[in-house]
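To start, the structure itself, in structure tokens.
The values are calculated or read from the model by the stated rules, or taken from the named source; none is laboratory data. All values reported here derive from a predicted model rather than from experimental measurement. Here the Cβ positions follow ideal geometry from the backbone for every residue, glycine too, while neighbour counts run over all protein chains shown. Note: accessible area is taken over every heavy atom of the protein model, side chains too, but ligands, DNA and RNA are not part of it. Shrake-Rupley method; radii C 1.70, N 1.55, O 1.52, S 1.80 Å.
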Amino acid sequence: MPVSLSTTASLYDRVRRVIPPIEWPAFTDDIEAIFALKRKRNAVILAHNYQTPEIFHCVADIVGDSLALARKAMAVDADIIVLAGVHFMAETAKLLNPGKTVLIPDLGAGCSLADSITASDVRLMRQRYPGVPVVTYVNTSAAVKAESDICCTSGNALAVVESLGASRVIMLPDEYLAKNIAAQTKIEIIAWKGHCEVHERFTPADIRELREAHPGVTVLAHPECPPEVVAMADFAGSTAAMSDYVGRHRPARVVLMTECSMSDNVAVKHPDVDFVRPCNLCPHMKRITLANIRTALEENRHIVTIDPDIAERASRAVERMLAI
């Protein structure tokens, strides 16, 4: 049974501030088909904050940052999970739902951070720093998680590091996240050289230019940004924390130093806030579209699988994080 015209219209009401009317008809066929396929196949769609508004606000059942998606994936009551995000997120959903089918609409939806480190790299770090616990960012493959003691997200990294009771911690793979956490704790942080290709492009000069062009603008930065960018921001936090900040403080004008779809998605909820949009796109997130979500549900592709031994060890690292 297709989505009714009234339902489609109500969906557009959610996103009319960020999707021009001329573009909306191009989305409606796929949206109607996705709704029908979700019912037919008992499927849910999990969408990261960096997905485009027609996905995030119109077809997703669960939305949020990496931590929120990991938590909520554990309670999903469905046979099929479609992960509208990147591959490591789909692997995490599979780790937490081993009995469910998890689909990633495009196998090319990767991550520069996940690609920056391998399981053998982690083993070499353990040899170099014997006895030092390894905290691994969720933006990594299941194989890397399996070599770790515990995982973290940008939102809980400080709490995870300080929960270990160690004087030194290896934190992989995001160098900037590690340095930004190191500035908040007395624990020595040993970092890796991985960077997010979106966040590493932001510079202090960008912030100076934004403040000059938009006097009074509130600057929010993701902790994957370089430390000198975080130091100049009014607030730094995960995508969830940035969204919460806008909701609590209602700045008249705000800029989010992160992937640009985030601004569109937060703007939908806060029509009274003026969003300045420095548009750094994540090419991997943008590989996910309504069309390939539809195809994933129609053709059962692409099924995420993880070697059982890797899955068992990686699950322990993720579950330790979720227990904090």
Residue pairs meeting the criteria (Cβ under 8 Å; at least 6 apart or on separate chains; first at pLDDT 95 or above and surrounded by 17 or more Cβ atoms within 10 Å (Cβ to Cβ), in region 160-178; second outside any helix (DSSP H, G or I) and among the basic types (Lys, Arg))
Pro173/Lys193; Glu175/Lys193
Starting from region 86-99, take each residue that is closer than 17 Å to Tyr137 by Cβ and list its partners that are open to solvent by less than 20 Å² (accessible area, probe 1.4 Å) and polar (S, T, N, Q), counting only C-beta distances under 7 angstrom and pairs at least six apart or across chains.
Phe88/Asn139; Phe88/Thr140; Leu95/Ser315
Selection count where residues are open to solvent by 20 Å² or more (accessible area, probe 1.4 Å), touching a Leu at 6+ places or on another chain (Cβ under 9 Å) and over 30 Å from Leu210 (Cα atoms), scope region 265-309
7
Do you know which residues across region 171-205 are more than 23 Å from the chain's Cα centre (by Cα) and within 15 Å of Thr258 (Cα to Cα)?
Pro204
Test Thr136 against the stated conditions and say whether it is touching a Lys or Arg at 6+ places or on another chain (Cβ under 6 Å) and at pLDDT 95 or above.
yes
Mind checking which pairs have a first residue in region 114-128 that is part of a loop (DSSP other than H, G, I, E, B) and a second that is modelled with pLDDT of 95 or more and open to solvent by less than 20 Å² (accessible area, probe 1.4 Å), Cβ under 7 Å, 6 or more apart or different chains?
Ser116/Pro173; Ser116/Gly194; Ile117/Thr140; Ile117/Val144; Ile117/Leu172; Ile117/Pro173; Ile117/Gly194; Thr118/Val144
Hey, among Met257, Met262, which residue is buried (at least 21 other Cβ atoms within 10 Å of the Cβ), under 23 Å from Val82 (Cα atoms) and in contact with a strand residue (DSSP E or B) (Cβ under 8 Å, 6 or more places away or on another chain)?
Met262
Listed residues Leu95, Leu46; which is surrounded by 18 or more Cβ atoms within 10 Å (Cβ to Cβ) and either farther than 20 Å from Met321 by Cα or at pLDDT 95 or above (or both)?
Leu46
Residues that are within 24 Å of Ala47 (Cβ to Cβ): which helices (runs of 4 or more DSSP H) entirely in region 146-259 hold 3 or more of them?
239-249
Tell me, yes or no, whether region 43-52 has at least one residue that is in a helix (DSSP H, G or I) and either touching a Ser or Thr at 6+ places or on another chain (Cβ under 9 Å) or not acidic (Asp, Glu) (or both).
no
Note on region 57-77: residues open to solvent by less than 50 Å² (accessible area, probe 1.4 Å), among the hydrophobic types (A, V, I, L, M, F, W, C) and in a loop (DSSP other than H, G, I, E, B) are Cys58, Val59, Ala60, Val76
Selection from region 179-207 of residues touching a Phe, Trp or Tyr at 6+ places or on another chain (Cβ under 9 Å) and either on the phi > 0 side of the Ramachandran plot or open to solvent by less than 30 Å² (accessible area, probe 1.4 Å) (or both) yields Ile190, Gly194, Cys196, Val198, His199
